[in-house]
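The values are calculated or read from the model by the stated rules, or taken from the named source; none is laboratory data. This one's a predicted model, so the numbers in the text were calculated from it and none came from an experiment. When we count neighbours, we look across all protein chains shown, and the Cβ atoms used for this are built from the backbone with ideal geometry, even at glycine. We work out accessible area using only protein heavy atoms, side chains counted, and drop any ligands, DNA or RNA first. Shrake-Rupley method; radii C 1.70, N 1.55, O 1.52, S 1.80 Å.
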Amino acid sequence: MKFNTDDMEWPTFLDEYEKLVFRMTIPRVMIDNTSCSNATLVKIDSARKHGILLEAVQVLTDLNLSIKKAYVSCDGRWFMDVFHVTDLDGNKLTDKRFISYIEQSLGTIHYASSKSYNDLTALELTGTDRIGLLSEIFAVLSDLHCNVVEAKMWTHNGRIASLIHIKESQSGYPIEDSQKIDRIEARLKSVLKGDNDVRSAKTSVSLAVTHTERRLHQMMFADRDYERKPVIRTSNDTPIVSVLNCLEKGYSVVNIQCKDRTKLLFDVVCTLTDMQYVVFHATINSAGDRAYLEFFIRHTDGIPISSDAEKQRVILCLQSAIERRASEGVRLELSTGDKQGLLADVTRTFRENGLNVTRAEISTTGDSALNIFYITDVRGNPVDSNIIESVRGEIGWSNLKVKELPLINHQTVDRDGSVLLSLGNIFRRNLYSLWLIKSFS
């Protein structure tokens, strides 16, 4: 199947000349259900431009597709990607309407936009993480009569980044009163400062439209979390990243070995893209629960990595990008009716029971709330089951449920509907590397 531009609904802002240019540069998408017995192949041919690989991976990720393998190659000005994908249950894609939607989504990525939050006010927060900080943030918002509609919070190396979308709790409209916005920013910044973070705590109203998780990576990168030492080490499984130069071909070769997990490819490609590197060739595979990724890159100016200092920076930034979402601990899901102060009450209960929230995802639909928390004890260790049961009793047995982190394998998908990457074996990866070096100049 191929995406047909004649059947698409054109954006109203395009004139006839822009439509012609669009047809000339539009990615060509083909869905192949016959070449592979256990996966659907998504093939994308596109004119090369910075960020095109990230846009494709982002589309597949947001559609909750599991990427089993991926191959990327650039021939001059043309870009070719092949993704082996399944649905969340490990099955090939068969729904014709869904396949058509994938084709259209990938075929229009040049004009794609992130999820719209025009009816909400977006807050960006960064600062030093500490036990109970999230509880204090939600308490301030509740006290100022702000209703949290959606939010995501990451922690890494003792730092916190959060993107929170709020509205007036009474009217349900975005907060447009500049004086109230100033009060919100001032009080949140005071909370983030605590006793010892006077300089680096930041809070602001965001006007940019950027993919939420990409924005979180950008915020933590700007906060230089990659230069800091971990306050709480929740895992000894540090990603192994190496950078070598293939000078005769003009590439820097980035190799990554780490534990396989959801959205791994998105996090890596997002970081390379925002660091202004272009991926020309790549292979992604796995063996068991280990992931192996290899990228042939250059800077956007066409130059490979040129110094040891730059190599070290790339290594640290990629390790941090992988670790930010690799939360260890128990996953708790709160599913209940939404109400004013709900998040403040729940996170206060966590704090009073000595629970540390390492990552959070907040969402509401109508009057219902689905909130996901990843928790450890104050030292980053697994939480005692008796404490979890006590917290469940306080919050509500039927509302707060424990969702164990699943084991990663070729057919496993995390229950949050995220993409699970299953990435090939090291032997095939090295063969592919040798082939690329010999074949491309």
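Give me, ordered by chain and number, the residues 5 or more places off S204 or on other chains with an amide H under 5 Å from its own placed amide H.
Hits under the 5 Å cutoff: E124.
Report, to one decimal in Å, the Kirkwood hydrodynamic radius for segment 242-366 based on all distinct Cα pairs. List each step's numbers first, then the result.
Working: mean 1/r = 0.0576 Å⁻¹.
Kirkwood radius, segment 242-366: 17.4 Å.
Just check segment 130-195 against the gyration tensor rule for me: Cα atoms, a ≥ b ≥ c as the square roots of the eigenvalues, rounded for a/c under 1.5, and otherwise prolate or oblate depending on whether a/b exceeds b/c.
Working: a/c = 2.21, a/b = 1.64, b/c = 1.35.
Verdict is prolate for segment 130-195.
Please report, for the Cα atoms of segment 85-185, the Rg to one decimal and the Dmax as a whole number; what are they, in angstrom?
Radius of gyration, then largest Cα-Cα span, for segment 85-185: 19.0, 53 Å.
At 1.4 Å probe radius, can you tell me the per residue accessible area of segment 243-391 in Å²? Walk me through the numbers before you get to the answer.
Working: 5360 Å² over 149 residues.
I get 36 Å² per residue for segment 243-391.
Would you mind classifying segment 358-406 by shape? Square roots of the alpha carbon gyration tensor eigenvalues, ordered a ≥ b ≥ c; an a/c under 1.5 is rounded, otherwise it is prolate if a/b is larger than b/c and oblate if not.
Details: a/c = 2.34, a/b = 1.45, b/c = 1.61.
Here segment 358-406 falls in the oblate category.
If amide hydrogens are placed 1.01 Å from N in the peptide plane, which non-local residues have theirs closer than 5 Å to the one on T358?
HN-HN under 5 Å from T358: Y374, I375, T376.
More than 19 Å apart: what percent of Cα pairs in segment 183-310 qualify?
Numbers: 5104 of 8128 pairs.
Summing the P(r) of segment 183-310 above 19 Å gives 63 percent of all pairs.
Which of the residue pairs K49/K249; K43/K259; K229/K311; K202/K229; K152/K202 have a Cα-Cα distance greater than 23 Å in the structure shown? Each step should come with its number before you reach the end.
Details: K49/K249 20 Å; K43/K259 26 Å; K229/K311 19 Å; K202/K229 20 Å; K152/K202 16 Å.
Flagged as over cut-off: K43/K259.
Would you please put 39-48, 184-193, 275-284 in order of how densely packed they are, using the mean number of other Cβ atoms within 10 angstrom per residue and starting with the highest? Intermediate results must be reported in sequence, preceding the final value.
Working: 39-48: 19.7, 184-193: 17.7, 275-284: 21.5.
Descending mean neighbour count gives 275-284, 39-48, 184-193.
Convert each backbone phi in segment 392-399 into a coupling constant with the Karplus relation 6.51 cos²θ - 1.76 cosθ + 1.60 (shift: θ = phi - 60°), then list the ³J(HN,Hα) values in order as whole Hz, x for Gly and Pro.
4, x, 6, 7, x, 4, 7, 8
Hey, what do the phi angles of segment 30-41 turn into as Karplus ³J(HN,Hα) couplings, whole Hz, using 6.51/-1.76/1.60 and θ = phi - 60°, x for Gly and Pro?
10, 9, 10, 9, 10, 6, 10, 6, 10, 7, 8, 8
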